[in-house]
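Read through the structure below, which is laid out as structure tokens, and then see the notes.
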Amino acid sequence: MNASANPLLQPWSTPYGLAPFAQVRPEHFEPALEATMAEHRSELDAIANQSAAPDFDNTIAALDRSGRALARVESLLNNLTSAETSATLQEVDRRVQPKLAAHHHAVRTDARLFARIVALHQSRESLGLDAESLRLIERLHLDFVRTGARLAPEARARLAEIAEQKSTLCTQFEQNVLADESSYALVLSREEELAGLPTFLRDAAQTAARERGIEGGWAITLSRSLIVPFLTYSERRDLRETAFRAWVSRGEGEGTTDNRGVAQKILALRAEQAKLHGYDHFSQYALVDRMAKEPARALELLRKVWGPARARALRERDALAEEARALGHTHEIEPWDWRFFAEKVRKRRYALDETELKAYFSLDRMIEAMFDCANKLFGLRFDRREDLVAYHPDVRVYEVFARDGNAVGLFLSDNYARPSKMGGAWMSEHRLQSRNGGETLPIIANHNNFAKGSPTLLSLDDVKTLFHEFGHGLHGLLSNVRYRRLSGTNVLQDFVELPSQIFEHWIEQPAVLRQHARHFQTGEPIPETLVARAKQARTFNQGFETVEYTACALLDLALHSRDDAEGVDITAFEREELARIEMPREIVLRHRLPHFTHLFAGDGYAAGYYVYLWAEVLDADGFDAFIEAGDIFDPAVASRLLRYVYSAGNTIEPGAAYRAFRGRDPEVAPLLAKRGLVDDNAHG
């Protein structure tokens, strides 16, 4: 393809350099990536082969400036394959990901580049550099070391093969999960099949059916915003079981989307990778560059929570069984019954009905709420740009401004489920903020999978998800660093969830609820009595929620602490490990291994799913700083939060960053109190 005909290889003249989505076709990516990889190699050759002795600017800063054209195309591909994919684009993705993995591995094992980095790393304290520049030297040196730059040529070559093979397998794993999610629908065609379903869920299921070409019926898909309320409200136990089994068996069916063998191969490659680096198993290798430093510390935190959470969950189970008997049911509580009877108990105990709450949480008002909180905390303003076209009509584009009126960047808000979109919720970066080589403003996207309605009404869990992802979004938007490698969310994995999880706290505050939680029909603010009941019920069912998550984190660490060169049968391992930790039979993992994309769609969360709990220790303790100040928008606390957490990127070691914000190390007690596990913990 002629480069002049390829929009990916032309300057993007749109505001902020937003991708020209309407012009981009799947066939543009392969030639664009080949061209930009070649350009990157040329840039690196110029750095490596120069006659001048290595100094910070001609080597370290130059490496950080290199590869911008490649990053632009690669980030667009990754964003589209997650948020608006097609069979053609998936085929392209399968072809190019191994090539990209090989390219990045070659960069970080280039002996010429590494020699220059080592020379500067050894003399870094005498170079007269500021703290951010020193941090960049240390992070780049570690990047090369962890990729294998210090190893023998044979080991480096094998690690390159492993990187390519893992890339292929991880892409396949993710595509298999998406295929299972997008192809399934429980079609409801008769009124009796809708028994118990509230109006908002019927409307959303009708919309989902229309999107799938199903006329005159309703469809329950595997999108969390449809399947969870269906399991909560449906009076049809047989249909709950059918839907639940489909949901938890994604990636496990016989056929082309079976992920069991794929995961086994990924695990074997990770075990080999760790051994080549001199570690016993992958979790040791992964945690060296995390706040936890070693698996034992992560495991210690999980065990502190597991005991009281499990005890609490067993008491919750007994309460559900009692409720079921009172309603005339004689069957045992099964996993597809838990949410149904939990809702009955919650309604009886707290006079709290999820459908009553939902009426006050329309998506549009909650978006206004999160923007308002960002304004009060950090002075941000979000202006809708309807003239800017994104990759799907549902995506809203906002221009973001600082308190002083200066532009901050672009924010893409992508909230609805669709068959072409990966399930779950995530934040992504189309472009990172940096100032090395000129001012580059960030382009940040949030992705949710809410069931579209008229209007779209959210559960409290949905609202927390919205705020959670926006916390990640703020981490990218508020980044204020020089170097791209240290920008935004490029922090240690067990720190990356702090900005997202701490932001969830604001939607639970009465002042925010009074202002923004308004009835979607009348506009009336949420009644104080309803807020009080919701607050009372905040720790309800937390045994279930905590067990559902913590079991996943324990399973992840155990799985990646094996040294199996041939991998492991993940189904058998899951069954045996859950029996070992005495997982309650009535609760199923939040993510079973065959569809656990956190672990198998890439290495980011592998041996690291514990980070949500680690960060929850930080966020619960951190939000208490606002409570102690007597103002949830206290300017002094917000200023420290901005400086040391949201805008610092990876310029500060995360433990030091937290201490600078909070004035001390974090304490675990606020987490246990937040989850209502204090009494359980006290009694072991």
Boolean, Q493 is polar (S, T, N, Q) and in contact with a helix residue (DSSP H, G or I) (Cβ under 7 Å, 6 or more places away or on another chain) = yes
message = Regarding the range 499-507, can at least one residue be identified that is crowded, with 17+ Cβ neighbours inside 10 Å and among the charged types (D, E, K, R)?
response = yes
task = For G608, indicate whether it is surrounded by fewer than 20 Cβ atoms within 10 Å (Cβ to Cβ), in contact (Cβ under 8 Å) with a residue 24 or more places away in the chain, within 30 Å of E164 (Cβ to Cβ) and not assigned by TED's automatic domain parsing to the domain that holds S82.
result = no
task = Please determine, by comparing only the residues of the range 397-425 that are among the charged types (D, E, K, R) and buried (at least 19 other Cβ atoms within 10 Å of the Cβ), which one is modelled with the lowest pLDDT.
result = K421
note = Residue set A204, A155; condition over 23 Å from the mean Cα position of the chain (by Cα) and under 16 Å from A106 (Cβ atoms); output residue A155
ask   = All but one of (1) part of a helix (DSSP H, G or I); (2) surrounded by fewer than 22 Cβ atoms within 10 Å (Cβ to Cβ); (3) within 23 Å of the chain's Cα centre (by Cα); (4) not small (G, A, S) hold for K304; which doesn't?
value = (3)
note = Within the range 261-290, residues among the hydrophobic types (A, V, I, L, M, F, W, C) and either within 16 Å of R146 (Cβ to Cβ) or touching a His at 6+ places or on another chain (Cβ under 8 Å) (or both) come out as L267, L269, A271, A274, L276, F282, A286, L287, V288
query = Within the range 231-249, can one find any residue that is touching a residue at least 60 places away in the same chain (Cβ under 8 Å), more than 29 Å from V262 (Cβ to Cβ), assigned to a helix (DSSP H, G or I) and under 27 Å from the mean Cα position of the chain (by Cα)?
reply = yes
key: Output for the range 511-526, where each listed residue is of a type in the set (G, A, S) and in contact (Cβ under 8 Å) with a residue 24 or more places away in the chain   = A511, A517
ask   = Just one of R346, R365 is touching a Leu at 6+ places or on another chain (Cβ under 6 Å), assigned to a helix (DSSP H, G or I) and of a type in the set (K, R); which is it?
value = R346
query = What number goes with the only condition from (1) within 30 Å of D569 (Cα to Cα); (2) at pLDDT below 95; (3) part of a loop (DSSP other than H, G, I, E, B) that G216 does not pass?
reply = (1)
request  = Would you point out which residue out of A119, A102 is in a helix (DSSP H, G or I), farther than 14 Å from E164 by Cα, in the same structural domain as D55 (by TED's automatic domain parsing) and touching a residue at least 24 places away in the same chain (Cβ under 8 Å)?
outcome  = A119
message = I'm trying to understand the selection: among the residues of the range 55-77, which are closer than 17 Å to R108 by Cβ, in a loop (DSSP other than H, G, I, E, B) and not polar (S, T, N, Q)?
response = G67
inquiry  = What are the pairs with Cβ atoms under 8 angstrom where one residue, in the range 176-194, is on the phi > 0 side of the Ramachandran plot and the other, located anywhere, is part of a loop (DSSP other than H, G, I, E, B)? Sequence gap at least six, or different chains.
reply    = none
message = I need the helices (runs of 4 or more DSSP H) fully contained in the range 496-602, keeping only those with at least 1 residues that are closer than 18 Å to L314 by Cα, within 25 Å of the chain's Cα centre (by Cα) and of a type in the set (V, I, T).
response = 542-559
request  = Could you please find all residues in the range 321-334 being crowded, with 18+ Cβ neighbours inside 10 Å and in contact (Cβ under 8 Å) with a residue 40 or more places away in the chain?
outcome  = I333
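The values are calculated or read from the model by the stated rules, or taken from the named source; none is laboratory data. Keep in mind the model is a prediction, meaning the values are calculated, not measured. Because the Cβ atoms are built from the backbone with ideal geometry, glycine has one as well, and the counts that use them run over all protein chains shown.
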